[in-house]
Each structure stands twice: as C-alpha cells, then as structure tokens.
Amino acid sequence: MSAEALYDLVVDRYADHVNPGLARLMGFAGFGVEVSAQGCEITDHEGRVFLDFLGGYGVFSLGHSHPDVIAAVHAQLSAMALSSKVFFNPRLAELAAKLAEIAPEGLQYSFFSNSGAEAVEAALKFAKAATGREQIIATEGGYHGKTLGALSVTGRDKYRTPVEPLMPGARFVPFGDADAVQAVIGPHTAAVIIEVVQGEGGIHVAPAGYLARLRDLCDQHGTLLIVDEVQTGLGRTGEMFSCVGERVRPDIMTLAKALGGGIMPIGATLGTAEVFSAVFTKNPLFHTSTFGGNPLACAAAIATLEVIEREGLCAKALQRGEQLMAGLRGIQSDLIAEVRGRGLMVGVEFRMDDVGELVIGQLTKRGIIAAYTLNNPRVIRMEPPLIVSASQIDQAVAAMAEAIAETEALLAQLPAMG
Ligand SMILES: *Cc1c(COP(=O)(O)O)cnc(C)c1O
C-alpha cells in the first residue's frame, strides 16, 4: 500500500469508527500516521522522522523502544504473560518492594492498575475508606484523569460540566495557595490531592514551601495528602519524585505514564502502612483489578526503574532541562509571556490564545513534536525523553525560534489579530 493510501485508510477509519471530530482535529494539525519509533525519534507513514519533544505527555522518559525494557517483557512473555490471580505473582512482589525502596519514606505498599486515572481512582477511594470522610480538596487547573472519580477532582469545567453531578465532596482551590486550603480544610476532609508541577494545567510549578504547608495542614486535621506523580514522577522533574525536592512525605502517591518504560501500560497507587491497613485489613479484596499488576507490565516497570538509576536519568533531566529552558528564554519575541518548568517538564506560555496552535504547526513542519496543555491552550509543553541529547535540545530550540519568527510574520499579515 502506498503511503498516501495508508494515510487515507487510517483517517477514514478514524472518521467512521473511532471519533470523527478527532479525525478532523488531528488532520488539521497535519499529523501523519505513526509507523515506528526509536529513542527520541518517531517515523511516520512517509518515512519522515520527527524529534519527539512531547514524549507521550511523560510516557517516553526512556525514549521509544528501550531495548532493556523490551528484553524484560520478551523474557516474561515466554514464561507467563498475565497473572492467574490465585498464585502469588513474583513480578508484582518484586516491583512493590522496589518501589518501597525508592519512594518517599513511609510509602511501603503499592496497588497496581493500568493507567493514571485508575491510579487516582484507587487513591481517592483509599483516602475515603481510610478516613471515613467525604471531602477532597483539589486545585483549579489540576489534572487527574477523565474517569468519573478522577474527573471529580480535575479542575477544568469543560470536561466536568456535561457529566455532573460527579463524586460529591470535591472542593477546588487556586493552585499554589496554601491559605485557600486552610480556609476549606476541616474534620470532614479526607484528602488534599495535588500535582507538584501542574502538567495539563499549563506547567505551573508549586511555589517553595507550598507542599510543606499542605503537609502541616493535613497533619493538623487528620487529612491525607495525595501527591499525583503520574506525570512528574520517575525523574521527569530532575528528582525520582517531584515531592522529594520539597522534602514532603505524602500518605498516598500515584504513578503511571513513565512507569511502563514506554512499552507497557501500568499505574501504581502507593500508600503508607496506616492507609493500606485501614483499607484492606477487613476486606483484602476491597479494591482489585483483573489486569492490574500483570507480569508483563511489572517486568517492564522493574526494568524501567533499573534503567533510570543506571543511566542517571534524574540528573540528566535536570541538566538538559536547564539547557532547554535557557535556550527558550533566549528567544526574543513579544509573543512569549513566560518560559517555566522544572527538569524536562517545560512550558512556553504565549500572550494570546491560538498562538500556541500556530507555533505547534510550525514546529511540526520543522520535524519537532510538541503539544499544548489540555487545560491551558496558551501553553506549549516540551517533555522530551530524559535520554535526549544536548544537540537534540539545541535542534529543538533553533526550530522553536524559527517557528515563533514565522508565526510572528503570519500574524503581522492579520491586522485584526495584531
Ligand atoms: C495523565 C495524567 C493522569 C491520567 O492518566 P491516564 O493514564 O491518562 O488515565 C492523571 N494525573 C496526572 C498528573 C496526569 O498527568
């Protein structure tokens, strides 16, 4: 089949059998059909190679097709792919022990699922069950997934309003404002759920001291602190977990995206002994998942953690992140309002809506993949694999400078928007 015929077939199938609106949206954005991927590069149906500076929103921290993760999954595949559920699962046990070793102090237990939203579902359910309380404090612009429970604490009306009423008890406060939490928290508050760097919200970094104050407030009120590390976790921000730099110990922590090494889907909900005994002592089957913790996913995650440590990816994220932010800050343009981020979780905020979309189009033309954040279309995010090289960062920065210059030229021809 010719490249063009393949493209038409896939887009038609999207339009007829997947999601017609999405088919149009992706078509307009000019993306082709993905065919293969290796390291930081994705190849499309025409054989064009793109530098992946989106990194699957944090999934591809090890890059694409990491050979060690593939080998671990292959080996597990020939032994046993999925769990019987009646025998003890040794891969699950190994991964849980490994996570307890590297996680912030006290997070001794893990529950495994298949995605970020599921990890958040478990976190919310555990918090309610362990405290017997109903209220969950979440932040405006926060993103925790789109299943009904996770959506209940996701701070964007656009996704929530059409399906309300959602889980009762969610209260939203501005991100970064501990006083706002203090004003709402009380004896009925089960948990505060937070991202240390809001991803979909537009790459907002928590101000210094914010997490420590939330920890204190939670301690004062017998409330659990849930840190959602689905996107920030496993080295992305320059630390194994973004809350480590803040020296704050969560009661519950969620992981997903990068945990499967870009090869397998997996989610994890870590908790303290207090939380897990409150949840599971009376009923060990209180929360379960058929595919959660399956041997293939666990083998991928174990290999992933080894690679992150062996290749020193936390330090690399910090170093390359500084290079990327310095490069982007060096671009002189009135369109840019701010460049911000931590490690390799970087956002470029524009002064106007719609500019982000135009710049992304220009980047795509130049072979660089980026995206705007779901909850804030003024912000372009750059989250390349943590294995990205210094020269690939330079290449992306140069492409961004050109893309912005061309966007400025385009806008200058549209006096109405100027
Ligand atoms: C992506 C994301 C989720 C949801 O993960 P899915 O695997 O898409 O369900 C939850 N929390 C955060 C912080 C995320 O970035």
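The values are calculated or read from the model by the stated rules, or taken from the named source; none is laboratory data. Computed from a prediction, not measured in an experiment: that's the story for all the values here. Glycine gets a Cβ as well: all are built from the backbone with ideal geometry, and neighbour counts include every protein chain shown. The accessibility values were calculated without ligands, DNA or RNA, using every heavy atom of the protein model including side chains. Shrake-Rupley method; radii C 1.70, N 1.55, O 1.52, S 1.80 Å.
Checked against (1) closer than 24 Å to residue 337 by Cβ; (2) among the acidic types (Asp, Glu); (3) within 16 Å of the ligand (Cβ to nearest atom), residue 157 passes all but condition (3). Just one of the numbered conditions (1) closer than 17 Å to residue 205 by Cα; (2) open to solvent by less than 20 Å² (accessible area, probe 1.4 Å); (3) hydrophobic (A, V, I, L, M, F, W, C) is not true of residue 368: (1).
Conditions (1) without any contact (Cβ under 8 Å) to a residue 40 or more places away in the chain; (2) touching a strand residue (DSSP E or B) at 6+ places or on another chain (Cβ under 9 Å); (3) not hydroxyl-bearing (Ser, Thr, Tyr), marked per residue:
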position: 234; (1), (2), (3): no, yes, yes
position: 240; (1), (2), (3): no, no, yes
position: 243; (1), (2), (3): no, yes, yes
position: 247; (1), (2), (3): yes, no, yes
position: 250; (1), (2), (3): no, yes, yes
position: 256; (1), (2), (3): no, yes, yes
position: 267; (1), (2), (3): no, yes, yes
position: 270; (1), (2), (3): no, yes, yes
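Within region 111-120, identify whether any single residue is more than 30 Å from residue 169 (Cα to Cα) and in contact with a Pro (Cβ under 9 Å, 6 or more places away or on another chain), and answer yes or no. Within region 111-120, not a single residue is more than 30 Å from residue 169 (Cα to Cα) and in contact with a Pro (Cβ under 9 Å, 6 or more places away or on another chain). If you go through region 253-296 and keep only what is within 16 Å of the ligand (Cβ to nearest atom), open to solvent by 20 Å² or more (accessible area, probe 1.4 Å) and closer than 22 Å to residue 80 by Cβ, you end up with 263, 264, 265, 289, 291. Under the condition of being within 16 Å of the ligand (Cβ to nearest atom), open to solvent by 40 Å² or more (accessible area, probe 1.4 Å) and assigned to a loop (DSSP other than H, G, I, E, B), the residues counted in region 121-142 number 1. Screening the candidates 94, 118, 105 for the property of being farther than 14 Å from residue 301 by Cα, open to solvent by 30 Å² or more (accessible area, probe 1.4 Å) and more than 21 Å from the chain's Cα centre (by Cα) yields one hit, 105.
Summed over region 207-223, residues that are open to solvent by less than 20 Å² (accessible area, probe 1.4 Å), in contact with a strand residue (DSSP E or B) (Cβ under 7 Å, 6 or more places away or on another chain) and over 26 Å from residue 373 (Cβ atoms) total 2.
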